[in-house]
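Since every read-out is calculated from the coordinates, none of them should be taken as a lab result. If you're wondering where the values come from, they're calculated on a predicted model, not measured in any experiment. Here Cβ is always computed from backbone atoms with ideal geometry, including for glycine, and neighbour counts include all displayed protein chains.
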Amino acid sequence: MSQRVVPLEIPPAEFRRLGHDLIDRIADLLGSAGERPLTPGETPAEVRKLLGRAPLPQRGAEPAALLEETTRLLLEHSLFNGHPRFMGYITSPPAPIGVLADLLAAAVNPNVGGWELSPMASEIEAQTVRWIAELVGYPPDCGGLLVSGGNMANLVCFLAGRRAVLGEAVRAGGLAGAGPLRVYVSAATHTWVQKATDLFGLGTDAIRWIPVDAGGRMDPAALRAQLAADLAAGDRPLMLVGTAGTVGTGAVDPIRELAAIARDHRVWFHVDGAYGAPAAALPDGPEELKSLALADSLAVDPHKWLYAPLEVGCVLVREAARLPEAFSYTPSYYHFDTEGEEPPINYYERGLQNSRGFRALKVWLGLRQAGREGYVRMIADDCRLAAVLHRSATEHPEIEALTLGLSIATFRYVPEDLDPGTPDADAYLDGLNQALLARLKTGGELFVTNAILEGRFVLRACIVNFRTTEADAAAVPELVARAGRVLDAELRPGELRAGVAR
Ligand SMILES: Cc1ncc(COP(=O)(O)O)c(C=O)c1O
């Protein structure tokens, strides 16, 4: 074995050459985000055909040829959320320093499950968690860790809260005998809460969906009434979830009031800040975001409004001990150091993962490159551009501007000669806007998504995109109207045409 054959090895000189070529291609990609189509808009069948149905290769291949082919495949057949007119879901472009960070993190390859396997990486993660807490106004001595995204951050917080309220007994005994547990969320809460209640033994029937007001915020009076009814029926309230930036319209729940209700009822108060928490850093941001420190736990999502490349979410828990209380087991095969004046952090004891990658690096470098000032500027700009889009929608004769919350604007296409308000016209507008969305999504010029507002299907632009300019935001209504006119001409039934008596 003195000359071991290692089919995966790449000699350093070749690695250097391949790496330089790849970085050149990536630099071109990042530098031309607005010039290439946002998406090729291909169908699943078309994309699958490109890969073919070949079985697992028996023989290996040259890395140079593989990287060349793969770069072409990805550059020609991907949707680019780095495009300035990508405004879908809540997905940001990757900060370039984060792209480099992921390469460096993969090269060092620390296992951030145990401190001894990742001394510097573990400390960088701890500092990143502290800095995120500082940025959003959460106590920096909180507990926390990085996970794969907003869903996972919410799930980890949920488990910390479940253990904190139900006590150590829940770890061995499970939920048997815990009573009919109830979890209170607004009707606009993200779907992670269904996964949490389903998978962690409560069942989705435990969820109490509290109605929202016209602005999409949880109605505290309805919450109080539901709590009273449940207590009278012998149920056991476990957790109250507030949302700081709903996925549909960017609404922020009345956090201060919800915190007081949670305190009165001795339930865990979790805030899902996956989207909106970073806007707490804005000096003139929504007042309710200034109260995030009142939450027992808080989910933040750096791959949304901190512009880190996917994937990275962040768990923050006010009392640091709540995480190990929920997650720590110490098996015989780990002899990690846990003692000393400054004991090492072994992250496998604070969350669901055992082996863990170095997700923190891309966030840490982004925070250092832009600083608080830089983030405040980028987030404020995103909000301002959403307002520009909303205003330009208001001024457009064929676009009905609807909500504006944080950096999310909603609107819909309404042909000038169509009167909304009759059931037939409203049903037609729903169908028309759905068809319009499908066409826009594959058109390659603009990517928006949808929301449902009071039963109506509407379009939704969410700007968490440091490449979007004022011109991009202002252009959205006309881009939508242009595609809308073409579709309206194809789809409108005769009885809804102008001049036809209704
Ligand atoms: C409020 C909220 N919570 C949770 C999530 C889930 O986050 P992720 O997709 O990163 O898992 C989202 C995603 O849009 C969200 O908007």
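Out of (1) surrounded by fewer than 17 Cβ atoms within 10 Å (Cβ to Cβ); (2) without any contact (Cβ under 8 Å) to a residue 24 or more places away in the chain, the odd one out for Arg130 is which?
(1)
Give the residues of the range 220-249 that are over 20 Å from Asp205 (Cα atoms) and in a helix (DSSP H, G or I), sorted by residue number.
Scanning the range 220-249 gives Pro220, Ala221.
May I ask you to list the residues in the range 255-265 that are more than 14 Å from the ligand (Cβ to nearest atom) and either buried (at least 24 other Cβ atoms within 10 Å of the Cβ) or free of Cβ contacts under 8 Å to residues at least 24 places away in the same chain (or both)?
Once the filter is applied, which keeps residues that are more than 14 Å from the ligand (Cβ to nearest atom) and either buried (at least 24 other Cβ atoms within 10 Å of the Cβ) or free of Cβ contacts under 8 Å to residues at least 24 places away in the same chain (or both), the range 255-265 yields Leu258, Ala260, Ala262, Arg263, Asp264.
Output the residues belonging to the range 1-60 that are farther than 22 Å from Ser78 by Cβ and among the hydrophobic types (A, V, I, L, M, F, W, C).
Hits for the range 1-60 are Met1, Val5, Val6, Leu8, Ile10, Ala13, Phe15, Leu56.
Of all residues in the range 130-160, count the ones that are within 16 Å of the ligand (Cβ to nearest atom) and not in a strand (DSSP E or B).
14
Give the number of residues within the range 153-170 that are out of contact with any helix residue (DSSP H, G or I) (no Cβ under 8 Å at 6 or more places or on another chain) and surrounded by fewer than 24 Cβ atoms within 10 Å (Cβ to Cβ).
4
Polar (S, T, N, Q), within 16 Å of the ligand (Cβ to nearest atom), assigned to a helix (DSSP H, G or I) and farther than 14 Å from Ala299 by Cα: is that true of Gln127 in this structure?
Taking the combined requirement at face value, the residue does not satisfy it.
Might you check whether a residue that is under 24 Å from Gly285 (Cα atoms) and in contact with a Pro (Cβ under 6 Å, 6 or more places away or on another chain) occurs anywhere in the range 177-187?
Yes, the range 177-187 contains a residue that is under 24 Å from Gly285 (Cα atoms) and in contact with a Pro (Cβ under 6 Å, 6 or more places away or on another chain).
Being within 11 Å of the ligand (Cβ to nearest atom) and surrounded by fewer than 24 Cβ atoms within 10 Å (Cβ to Cβ) is the filter here; which residues of the range 268-305 pass it?
Matches in the range 268-305: none.
Out of Leu367, Leu352, which single residue is surrounded by 20 or more Cβ atoms within 10 Å (Cβ to Cβ) and among the aliphatic types (A, V, I, L, M)? Don't jump to the end; show me each part of the working.
Details: Leu352 fails: surrounded by 20 or more Cβ atoms within 10 Å (Cβ to Cβ).
Step by step, each of Leu367, Leu352 is checked, and only Leu367 is surrounded by 20 or more Cβ atoms within 10 Å (Cβ to Cβ) and among the aliphatic types (A, V, I, L, M).
Within the range 163-209, can you find the residues that are among the β-branched types (Val, Ile, Thr), more than 16 Å from the ligand (Cβ to nearest atom) and under 25 Å from the mean Cα position of the chain (by Cα)? Give the derivation first.
From the range 163-209, those among the β-branched types (Val, Ile, Thr) are 165, 170, 183, 185, 189, 191, 193, 197, 204, 207; that's our starting set.
This time we only want the ones that are more than 16 Å from the ligand (Cβ to nearest atom), so: 165, 170, 204.
Answer for the range 163-209, where residues must be among the β-branched types (Val, Ile, Thr), more than 16 Å from the ligand (Cβ to nearest atom) and under 25 Å from the mean Cα position of the chain (by Cα): just Thr204.
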